[in-house]
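**Student:** Got a structure for you, questions after.
The values are calculated or read from the model by the stated rules, or taken from the named source; none is laboratory data. Since we're looking at a predicted model, the values are computed, not measured. Cβ: placed from backbone, ideal geometry, glycine included. Neighbour counts: every protein chain shown.
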Amino acid sequence: MTDFTKIKSKFVKDQLRKLKYSAKNKSYIEDLMKIEQYISNPELYFVSGVKFHGIRPKYNKEVAAIFAELNPKGYKVLLEQDRTVRENVKRWQKEVKEQEQMEKEVSKRTWALMHGKKAKCILASLLKR
């Protein structure tokens, strides 16, 4: 049973008032309440943090509105963390691409080596790397 009187933000209260009671709408408001719970006390609620990060991609607009209301400083931190993660992912993708390219070159050279073409030159080239 969900106690909807525990809603903290005006945004979520307004969302609830716009909707008729149904299983789908109840689930939506419960998700927003989970977001509120995490935003209000992220260090106290490990489980709500896991839930928050699981449902967050589905509710970007709602997360921004709830954060702006309940924890504006925390929202700035979250945006900075997101930026850092995106940069790290981009760097990692670049490193993976470079590694794949290097592996492709080694594969081509060792293939040629097995054919005996310019074996000494290719082997010397591989040993220099």
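**Student:** May I ask you to list pairs of residues, at least six apart or on different chains, whose Cβ atoms are under 7 Å apart, with the first in the range 74-101 being among the small types (Gly, Ala, Ser) and the second being in a helix (DSSP H, G or I)?
**Tutor:** GLY74/ILE39; GLY74/PHE67
**Student:** Right, here's the next one. How many of the residues making up the range 63-88 are under 19 Å from ILE7 (Cα atoms) and among the polar types (S, T, N, Q)?
**Tutor:** 1
**Student:** Condition first: in contact with a Leu (Cβ under 7 Å, 6 or more places away or on another chain) and among the basic types (Lys, Arg). Now tell me which residues in the range 1-40 satisfy that.
**Tutor:** Within the range 1-40, LYS8 is the sole residue that qualifies.
**Student:** Right, something else. Checking the condition within 15 Å of the chain's Cα centre (by Cα), of a type outside the set (Lys, Arg) and either closer than 16 Å to SER9 by Cβ or surrounded by 10 or more Cβ atoms within 10 Å (Cβ to Cβ) (or both), which residue from VAL106, VAL77 passes? Write out each step before concluding.
**Tutor:** Working: VAL106 fails: within 15 Å of the chain's Cα centre (by Cα).
It is VAL77.
**Student:** Kindly state which helices (runs of 4 or more DSSP H) lie completely within the range 1-72 and contain at least 3 residues that are modelled with pLDDT of 90 or more, crowded, with 17+ Cβ neighbours inside 10 Å and over 22 Å from the mean Cα position of the chain (by Cα).
**Tutor:** Values: elements: 10-18, 23-40, 46-55, 60-70.
It comes to 10-18.
**Student:** Looking at (1) modelled with pLDDT under 90; (2) within 36 Å of the chain's Cα centre (by Cα), can you tell me which one LYS117 breaks?
**Tutor:** (2)
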